[in-house]
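Structure first, commentary second.
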Amino acid sequence: MAARKKDGAPDWKYYEITETIALFEPVKQYLLKNCKKYVQVEPPTNKSLATLTAQLLQFQEDNFGKDVSKQALLTKLPMKMFMDFSSGGSLCVILANVVKTKMEQGWRRFDFQSPSRMDRNVELFLNIEKALKETFPKEWYNRYFDCNATAQWFAEQTTASFPG
């Protein structure tokens, strides 16, 4: 069995299997309950949420990933955030923000491939990051970022700057 290439891009097959699609049920229920105003015209399905999540991950990788030819505009959101399927969890906050933005901006559909839509998609990710920080203020760094790695990096930078 061949190992999956770790290039940062989403595994599209993962988001198409029945078991994964079923994981989106709490997220769908959360959106139907807490975002009625934004989802009543086009109620989400588990499958549509799975596909949208994969599209968000692909956009992130294409525009903020390590292989971007130009300066990345933002830092990628950690994968852990997209794997939190709990009701009210980070994936709920991400997708709630996405459907809210779509409705408020009058978008008919999501278009993450078009270069002409780049600015609005980057703005969408800025809004997602802001919503996550507001929803999980204390947990933001502790829960999703490895503090030990950050502390180690900081220690290396300070010892490199101040030889002793």
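The values are calculated or read from the model by the stated rules, or taken from the named source; none is laboratory data. Remember, predicted model here, so these are calculated numbers, not experimental data. Glycine also receives a Cβ, built like all others from the backbone with ideal geometry; neighbour counts cover every protein chain displayed.
A few comments on the model shown:
- Taken over the range 34-69, the residue count meeting the criterion of being within 18 Å of residue 104 (Cα to Cα) and of a type in the set (Lys, Arg) is 2.
- Residue check for residue 48: part of a loop (DSSP other than H, G, I, E, B), surrounded by fewer than 19 Cβ atoms within 10 Å (Cβ to Cβ) and among the hydroxyl-bearing types (Ser, Thr, Tyr): no
- For the range 7-40, the tally of residues that are touching a residue at least 24 places away in the same chain (Cβ under 8 Å) and in a loop (DSSP other than H, G, I, E, B) stands at 7.
- Those residues of the range 94-136 which are small (Gly, Ala, Ser) and over 13 Å from the mean Cα position of the chain (by Cα), in sequence order: 106, 114, 116
- Matching residues in the range 52-93 - criterion: being part of a loop (DSSP other than H, G, I, E, B), within 19 Å of residue 132 (Cα to Cα) and β-branched (Val, Ile, Thr): 75
- Annotation note: Cβ proximity below 8 Å between a residue of the range 86-108 that is within 20 Å of residue 137 (Cβ to Cβ) and a residue that is at pLDDT 95 or above and among the basic types (Lys, Arg) (sequence gap 6+ or interchain) occurs for no pair.
- Odd one out for residue 121 among (1) within 26 Å of residue 33 (Cβ to Cβ); (2) buried (at least 16 other Cβ atoms within 10 Å of the Cβ): (1)
- Filter pass, residue 101 being at pLDDT 90 or above and either among the aromatic types (Phe, Trp, Tyr) or touching a Leu at 6+ places or on another chain (Cβ under 6 Å) (or both): yes
- Hits in the range 86-98 (condition: surrounded by fewer than 19 Cβ atoms within 10 Å (Cβ to Cβ) and not hydroxyl-bearing (Ser, Thr, Tyr)): 88, 89
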